[in-house]
Amino acid sequence: MIVAIDGPSGTGKSSTSKAVAAQLGLSYLDTGAQYRAITWWMLNNGVDVADPDAIAAAAGKPSIVSGTDPLAPAISADGVDASGPIRTPEVTAAVSAVSAVPEVRERITDLQRTIAAEARGGIVVEGRDIGTTVLPDADLKVFLTASAEARAARRNGELKSADGKPAADLAATQQALAARDKADSSRKTSPLKKADDAVEVDTTELTLEQVVECVVTLVEKAAADKAGSAGNAADAEGMEKAAR
Ligand SMILES: Nc1ncnc2c1ncn2[C@@H]1O[C@H](COP(=O)(O)OP(=O)(O)O)[C@@H](O)[C@H]1O
Ligand SMILES: Nc1ccn([C@@H]2O[C@H](COP(=O)(O)OP(=O)(O)O)[C@@H](O)[C@H]2O)c(=O)n1
């Protein structure tokens with residue numbers, strides 16, 4: 001069972017994917033974390049992230065390793081735990097430019113396909129281009145959306161300053177999200193886009209629990225359909241053999 005969950009920032013991809021995978025005993029892959037980790041490595045290793053040729057030349061250098069346990073997501077670059085630093089504003093500001101470079105996408109897409117192929121019990125993979133490019137034959141594709149206001153409010157809710165007040169201005173967060181959406185949707189190589197056969201879920205008015213319940217139901221239905229068509233294929237094969 002391969003589940004692709006795509007959508008822009010703040011729509012609930014990570015929270016939903018982790019909860020669905022944990023509930024159904026599936027593996028989990030955060031592909032945004034991989035793009036963030038390669039961006040973090042480049043920033044730390046003197047690569048000019050404003051220069052696509054420099055990014056392309058460095059794309060093959062770091063080793064990026066992702067954990068697939070939804071209860072303990074992990075990501076490292078060259079053996080160094082990157083789970084904290086990949087969420088800094090510096091990485092967030094640079095990641096769209098790095099992830100737009102075809103050599104980076106090719107490298108990371110290969111990694112993602114290998115991880116999905118090795119996840120014997122099934123996997124939930126979340127990102128921007130999973131349903132369209134990375135795993136176009138996924139058993140279920142979900143595209144999450146939410147209003148620009150809801151997405152900015154959710155992202156801001158995560159950024160608390162020491163005194164417990166929101167660390168960022170809501171309008172500034174909304175503007176930064178819009179800029180990243182634009183960059184991610186307009187790049188040439190596998191832009192952020194809903195796959196034609198994805199189920200769109202608008203999460204604006206839903207709680208996280210409701211979104212998880214909705215996606216779990218979709219996965220169970222996809223699994224039943226898959227088992228049904230496998231059964232039908234086996235029946236057809238059996239009938240063919242009996243007829244011979
Ligand atoms: N349906 C929802 N309602 C309210 N808050 C949500 C909902 N889904 C996710 N969140 C919160 O919004 C924030 C962003 O969610 P996240 O899963 O990281 O989104 P994404 O991976 O799409 O960027 C998190 O703090 C999460 O707890
Ligand atoms: N499959 C993916 C996943 C992420 N990305 C890039 O990685 C960035 C960070 O992704 P993320 O999922 O961590 O972003 P958030 O939703 O957490 O803000 C995105 O803005 C994209 O530029 C991508 O290009 N393709």
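Going by the structure shown, is ALA153 open to solvent by 10 Å² or more (accessible area, probe 1.4 Å), over 18 Å from LEU192 (Cα atoms) and either in a helix (DSSP H, G or I) or modelled with pLDDT of 95 or more (or both)?
yes
From GLU149, GLU200, GLU205, GLU209, grab the single residue that is within 19 Å of PRO70 (Cα to Cα) and more than 15 Å from ligand 2 (Cβ to nearest atom).
Just one listed residue meets the conditions, GLU209.
When you scan the stretch 72-123, how many residues do you find that are in a helix (DSSP H, G or I), touching a strand residue (DSSP E or B) at 6+ places or on another chain (Cβ under 7 Å) and either within 26 Å of GLU158 (Cα to Cα) or basic (Lys, Arg) (or both)?
1
Out of the residues in the stretch 164-197 meeting the condition of being open to solvent by 70 Å² or more (accessible area, probe 1.4 Å) and outside any loop (DSSP other than H, G, I, E, B), tell me which one is farthest from SER96 (Cα to Cα).
Selected residue: PRO166.
Could you tell me which numbered condition GLY79 fails, if it satisfies all but one of (1) more than 18 Å from ARG180 (Cα to Cα); (2) within 16 Å of ligand 2 (Cβ to nearest atom)?
Evaluating GLY79 over (1) more than 18 Å from ARG180 (Cα to Cα); (2) within 16 Å of ligand 2 (Cβ to nearest atom) leaves (2) as the failure.
Taking the stated definitions as given, is ASP30 within 16 Å of ligand 1 (Cβ to nearest atom), at pLDDT 95 or above, among the acidic types (Asp, Glu) and closer than 21 Å to SER15 by Cα?
Yes: the conditions hold for ASP30.
Go through (1) open to solvent by 50 Å² or more (accessible area, probe 1.4 Å); (2) more than 30 Å from ALA146 (Cβ to Cβ); (3) not small (Gly, Ala, Ser) one by one and return the number of the condition LEU43 breaks.
Condition not satisfied by LEU43: (2).
Say we look at the stretch 1-22 and pick out the residues that are open to solvent by 10 Å² or more (accessible area, probe 1.4 Å), in contact with a Pro (Cβ under 9 Å, 6 or more places away or on another chain) and away from ligand 2 (no atom under 15 Å from the Cβ); which of these is farthest from ARG154 (Cα to Cα)?
ALA22
Could you say whether any residue in the stretch 96-119 is closer than 21 Å to ASP51 by Cα, in contact (Cβ under 8 Å) with a residue 24 or more places away in the chain, within 16 Å of ligand 1 (Cβ to nearest atom) and not β-branched (Val, Ile, Thr)?
Scanning the stretch 96-119, I find at least one residue that is closer than 21 Å to ASP51 by Cα, in contact (Cβ under 8 Å) with a residue 24 or more places away in the chain, within 16 Å of ligand 1 (Cβ to nearest atom) and not β-branched (Val, Ile, Thr), so the answer is yes.
Identify all residues within the stretch 198-216 that are over 13 Å from ALA146 (Cβ atoms) and open to solvent by 60 Å² or more (accessible area, probe 1.4 Å); write none if there are none.
Passing the criteria: GLU209, GLU213.
The values are calculated or read from the model by the stated rules, or taken from the named source; none is laboratory data. Being a predicted model, the structure only gives us computed values, none of them experimental. Here Cβ is always computed from backbone atoms with ideal geometry, including for glycine, and neighbour counts include all displayed protein chains. Side chains are part of the model used for accessible areas, which takes the heavy atoms of the whole protein and leaves out ligands, DNA and RNA. Shrake-Rupley method; radii C 1.70, N 1.55, O 1.52, S 1.80 Å.
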